[in-house]
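Take a look at the following structure, please.
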Amino acid sequence: MATVARPLEIQQLEAYLKREFDGGIIGTGNKALDKERNFLSKAVAASFLMVHAGVSKADAIAACVDGGGDNGIDSLYISPTNVIWLVQSKYIHEGSGEPSLGDAGLFRDGVNAIVDGQFDQCKTLSATQIAQLIRVMDESHQVVFALVYTGTAMDDSRRKMFGEVVDRVNAIAPRRARFVRFGLSDFHEALTQQFAEPDINGVQIELRDYGVMNGVARAYYGSMSVKDLAALYVQHGHALVRANIRRHRGSSEVNESMALTLKNDASKFFYFNNGITLICRSIRPGQLDRTRAAGKFHLDGVSIINGAQTAGTVAQEPPAHYEAHPAEVLVTCIELPADDQGFADDVTRFRNSQNAVSPQDFAALDDNQESWRKTLQSEGVTYIVKRSTSDGPADINSFTLQEAAEARALLGSAGLELLLEHPVRLWDRGHDVKGDKATADKPSAYKTVFPDSLTARKLWRTVQIARIVQQTIEQDAMAMTSPLESDFARQSARLMAHVILIRCKSLTDGETLALTTNEQLTVSSTLDTARNALVQAYSEIETTQRPFAEAFADLSTLCALKALVMQALHA
């Protein structure tokens, strides 16, 4: 049985833990491997306390109580605000699964012992720690117990087990106890946060003739000086549209029309433009005119979710232009409700559904896409999810969402049909690859191409395999002296990518992020065999003289060619 490659996320976390805690934490055990795994488990607990509880590195290390008789509690930290943190940590080398039921049960017993004041059942606690617990538990306090591990699963039996502990404690003292699960994805999010576009805070805008809407969310709307909007975009750039499904796309018919209006008829810009929608973490009204003729508003956590093209276009003109040709734009500022996590996505989707946007652009709202982007960015690979005129062409260390979608589609058995006859369906979240309504058993076409289980490494390796095929064929086509041979090669590229991705599917699960030299040679060798087989198969199946472009766009012909080529590869 082939060995399943460890997720890139667990490799990144392991490297971080070793850098961060080497020399500060000592692993125990009889063998070198045992010592390393023990070190990593302790480091996982310390890292969690630093991230989730805001504990200093020294205090996080000192909180370790791991050892024989610890009753499932690996770390204990008592905060200055009387929050008792109880942690069980498990470093799972494979980056999947969860702690055993026995380990989870032991942790439950340890938590119950601490809550009930039976400190002698946790034999690794020091006298100082016990004294602290006695003091704190005699005062107002909270207990947070966390199962911290480098896996991805959480069985319902564990959730029920820890939920019962929370219910038992809170039945006596409401809101005293809380359970936290912190898995590999949570560690990964914390590690890659540096690659997220920064929050924009402390923005002050002025709206004229403003109004207010109070409902499920509070919103202010009014006209804003285009000069002020341009200055805001120049100051913050792409970060200002981080929650938008697109960045500024540069030259386009619509954007050029906006630019002409700003140059020649700026006073009419307000009436011709759809306006800007901002979402904000908080909105604080400042100086307001009693007649609502003008008002200043302080915004934190600001992002444009509709109007990126407008903001980018108005920023092309210098401030002096707007001083000579003043213009206004309609702006709506929506304060996100703290208790509705999906509201921002809904606003973004519906506000943009009324514009001429590509279905592909809505993929930017998928949290998985952002996670894959940040994971790859931390390894020096740029994944371009939001299209922008400033992105430049993809190179050896970058690729686009469109390229990824096509490669992923070609890896599936229905890839040719999807790309040939229903390319828009790649982004369909409501219907499966056949066009039927998606269900739990039949995922949508988009989720078939980009499933939740997909890893950043597998995504990038799939693209690399497809690139070898396409680049090899293109280079050969350019060197061919016969126009017919060159055309045949280019028209066959998609079929060949499909065949090679299926034949070399195991390579998408490789251990390294980049394909190794041997793996690249395997792809190239397989491609040579497939192309030779295709020439023979084409002469047997295609008896007419129709153009190659027509033949390779015929799904029935492609399926017949694929069958013969795959047969040759298996010979």
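Take the residues in the stretch 354-391 that are in a strand (DSSP E or B) and either of a type in the set (A, V, I, L, M) or over 20 Å from residue 447 (Cα atoms) (or both); name whichever of them is modelled with the lowest pLDDT.
384
Further question: Can you name every residue in the stretch 302-329 that is in a helix (DSSP H, G or I), within 17 Å of residue 237 (Cβ to Cβ) and not aliphatic (A, V, I, L, M)?
309, 310, 312, 313, 319
Would you tally the residues in the stretch 525-564 being under 20 Å from residue 471 (Cα atoms) and of a type in the set (Val, Ile, Thr)?
3
Tally up the residues in the stretch 92-110 that are free of Cβ contacts under 8 Å to residues at least 60 places away in the same chain and touching a helix residue (DSSP H, G or I) at 6+ places or on another chain (Cβ under 6 Å), please.
Matching residues across the stretch 92-110 total 2.
Against the condition surrounded by 12 or more Cβ atoms within 10 Å (Cβ to Cβ) and at pLDDT 90 or above, how does residue 252 come out, does it pass?
So residue 252 does not fit the description; no.
Which count do you get for residues in the stretch 121-154 that are over 21 Å from residue 82 (Cα atoms) and either not assigned by the TED database to the domain that holds residue 68 or not β-branched (Val, Ile, Thr) (or both)?
6
Would you please name the residue that is most open to solvent (accessible area, probe 1.4 Å), looking only at residues in the stretch 265-281 that are over 11 Å from residue 310 (Cβ atoms) and within 28 Å of the chain's Cα centre (by Cα)?
Across the stretch 265-281, the extreme among qualifying residues is 281.
Here are some residues: 445, 438. Which one is open to solvent by less than 20 Å² (accessible area, probe 1.4 Å) and either under 26 Å from residue 7 (Cβ atoms) or in contact with a strand residue (DSSP E or B) (Cβ under 7 Å, 6 or more places away or on another chain) (or both)?
Of the residues listed, the single one that is open to solvent by less than 20 Å² (accessible area, probe 1.4 Å) and either under 26 Å from residue 7 (Cβ atoms) or in contact with a strand residue (DSSP E or B) (Cβ under 7 Å, 6 or more places away or on another chain) (or both) is 445.
Please go through the stretch 511-540 and give me each residue that is closer than 11 Å to residue 564 by Cβ and among the acidic types (Asp, Glu), ordered by number.
540
Mind listing whichever residues of the stretch 436-451 are assigned to a loop (DSSP other than H, G, I, E, B) and among the aromatic types (Phe, Trp, Tyr)?
If the condition is that a residue be assigned to a loop (DSSP other than H, G, I, E, B) and among the aromatic types (Phe, Trp, Tyr), then 450 is the only one that fits.
Here's a follow-up. Could you check the stretch 420-435 and list, in sequence order, the residues that are surrounded by fewer than 18 Cβ atoms within 10 Å (Cβ to Cβ), outside any loop (DSSP other than H, G, I, E, B) and not β-branched (Val, Ile, Thr)?
420, 421, 423, 431
The values are calculated or read from the model by the stated rules, or taken from the named source; none is laboratory data. The shown structure was predicted, so the numbers you read here are calculated from the model rather than taken from an experiment. Neighbour counts are summed over all protein chains in view; Cβ atoms, including those assigned to glycine, are modelled from backbone coordinates with ideal geometry. Note: areas computed on protein heavy atoms with side chains; ligands, DNA, RNA excluded. Shrake-Rupley method; radii C 1.70, N 1.55, O 1.52, S 1.80 Å.
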